[in-house]
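Everything below concerns the one structure shown next.
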Amino acid sequence: MSKCLIAYFSQGGTTALVAESIASGLRSSEYEVDLCNIGDGAPPAVDGYDLLGVGLPVYYYRPPFNIADYLRDLPALNGLPVFVFVLHGTYRFDAGTAVRRSLARRGGREVGYFHSYGLERWVGYLNEGYVFSPDHPKDEELSRAVAFGREVAAHAAGEEYRKPPDDAPPSPVYRLERFVTNRWLAEQLYSRLFRVDATKCNSCGVCLDRCPTGNISRDRNGRPVWGRNCLLCLTCEMECPQRAVSTPASWRVLRPIMKLNASRASSDPGIDHARVDRKTWQPLDAPGADA
Ligand SMILES: Cc1cc2nc3c(=O)[nH]c(=O)nc-3n(C[C@H](O)[C@H](O)[C@H](O)COP(=O)(O)O)c2cc1C
């Protein structure tokens, strides 16, 4: 039996859902599949696998830093069949292209590229009263993922594969946003600007548990302290039960950018959205109504 490794990153669960659907398609094509969420630990070495899949959510119009690291550390793939799948809440732009190119540079032979919408519940948009792509991936997208798994198996076995074209790069405004969320700034600047309100924090440890890179430790009072290995996922802020954590995404000065992005995406007929209360982030009774 052939063996496939699917290495992916999933914080909200949507990339994991698609990974499992692709795996079920592969299993029905006689593949043994190992699924590994990079957020839970390093994936096994690729030696001994006949097929490699890499899955990611788009973060700030590019692959998350931990996926970039995974790709950087891969050995030469020497013609190993590879596939890529990408989840995105609004605009994916060329995040998938970056991963496809990186695998090709390592010597991978592409046999599939899949993308799907996935629920985007991100603090900058919650503050504006929006979630994007609610209920995605939908059943239809998951069925496509299962079929994709079967197609990948066929292409890896030698059936002709026509590479889909590269995705379009971001327009200048989104490119600027991608630039200002770059890794150097994340490490050297933003990581130092996370704050905890000592009057609200009860040292519950949710932020430590949910941080996908283990970047948060405790000070001597049990409150969170941030290191430099931050993906800017901002889960620490979003998941804090006391709403004690604040990050640059909630700064007033950045609100016009969040507002502009939210307004563009919410008026795009191709992108689903739902409204939430801007303060509590809870769904409004009537989705689509003004918050
Ligand atoms: C920090 C962060 C940044 C994101 N940036 C983008 C983006 O630039 N474009 C986009 O379409 N979706 C973006 N998203 C949405 C995710 O790509 C999408 O919600 C995806 O389904 C999440 O995958 P997961 O549930 O497996 O974590 C972002 C989400 C987060 C948390």
Among the numbered conditions (1) open to solvent by 70 Å² or more (accessible area, probe 1.4 Å); (2) touching a Ser or Thr at 6+ places or on another chain (Cβ under 9 Å); (3) without any contact (Cβ under 8 Å) to a residue 24 or more places away in the chain, tell me where LEU208 comes up short. (1)
How many residues of the stretch 129-162 are assigned to a loop (DSSP other than H, G, I, E, B) and buried (at least 20 other Cβ atoms within 10 Å of the Cβ)? The answer is 4
Of all residues making up the stretch 95-128, the number that are more than 16 Å from the ligand (Cβ to nearest atom), of a type in the set (Lys, Arg), open to solvent by 40 Å² or more (accessible area, probe 1.4 Å) and outside any strand (DSSP E or B): 3
Hey, does the stretch 213-229 have a residue that's open to solvent by 40 Å² or more (accessible area, probe 1.4 Å) and touching an Asp or Glu at 6+ places or on another chain (Cβ under 6 Å)? yes
Quick one: in the stretch 245-285, of everything that is β-branched (Val, Ile, Thr) and part of a helix (DSSP H, G or I), which residue is farthest from SER203 (Cα to Cα)? ILE257
Got at least one residue in the stretch 55-76 being under 23 Å from SER24 (Cβ atoms), open to solvent by 50 Å² or more (accessible area, probe 1.4 Å) and among the small types (Gly, Ala, Ser)? no
List the residue pairs whose Cβ atoms are under 6 Å apart, where the first residue sits in the stretch 101-118 and is more than 12 Å from HIS88 (Cβ to Cβ) and without any contact (Cβ under 8 Å) to a residue 40 or more places away in the chain, the second is open to solvent by 30 Å² or more (accessible area, probe 1.4 Å) and among the polar types (S, T, N, Q), and the two are 6 or more positions apart or on different chains. GLY107/ASN78
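Residue-wise test of (1) part of a loop (DSSP other than H, G, I, E, B); (2) within 16 Å of the ligand (Cβ to nearest atom); (3) in contact (Cβ under 8 Å) with a residue 12 or more places away in the chain.
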| site | (1), (2), (3) |
| --- | --- |
| PRO164 | yes, no, yes |
| ALA168 | yes, yes, yes |
| TRP184 | no, no, no |
| SER191 | no, yes, yes |
| CYS201 | yes, no, yes |
| MET238 | no, yes, yes |
Expected output for the stretch 62-80 (first residue closer than 20 Å to LEU185 by Cα, partner open to solvent by 40 Å² or more (accessible area, probe 1.4 Å) and part of a helix (DSSP H, G or I), Cβ below 7 Å, 6+ apart or cross-chain) is ARG62/ALA98; ARG62/ARG178; PRO63/ALA98; PHE65/ARG183
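Given the structure, is ASN202 at pLDDT 95 or above, over 22 Å from ARG121 (Cα atoms) and of a type outside the set (A, V, I, L, M)?
It is true that ASN202 is at pLDDT 95 or above, over 22 Å from ARG121 (Cα atoms) and of a type outside the set (A, V, I, L, M).
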If I filter the stretch 210-236 down to residues being of a type in the set (Val, Ile, Thr) and within 15 Å of the ligand (Cβ to nearest atom), which single residue comes out as farthest from TYR59 (Cα to Cα)? THR213
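The values are calculated or read from the model by the stated rules, or taken from the named source; none is laboratory data. Every value quoted in this text rests on a predicted model; they were computed, and no experiment measured them. Glycine also receives a Cβ, built like all others from the backbone with ideal geometry; neighbour counts cover every protein chain displayed. Please note that ligands, DNA and RNA were not included when accessible areas were found on the heavy atoms of the full protein model with its side chains. Shrake-Rupley method; radii C 1.70, N 1.55, O 1.52, S 1.80 Å.
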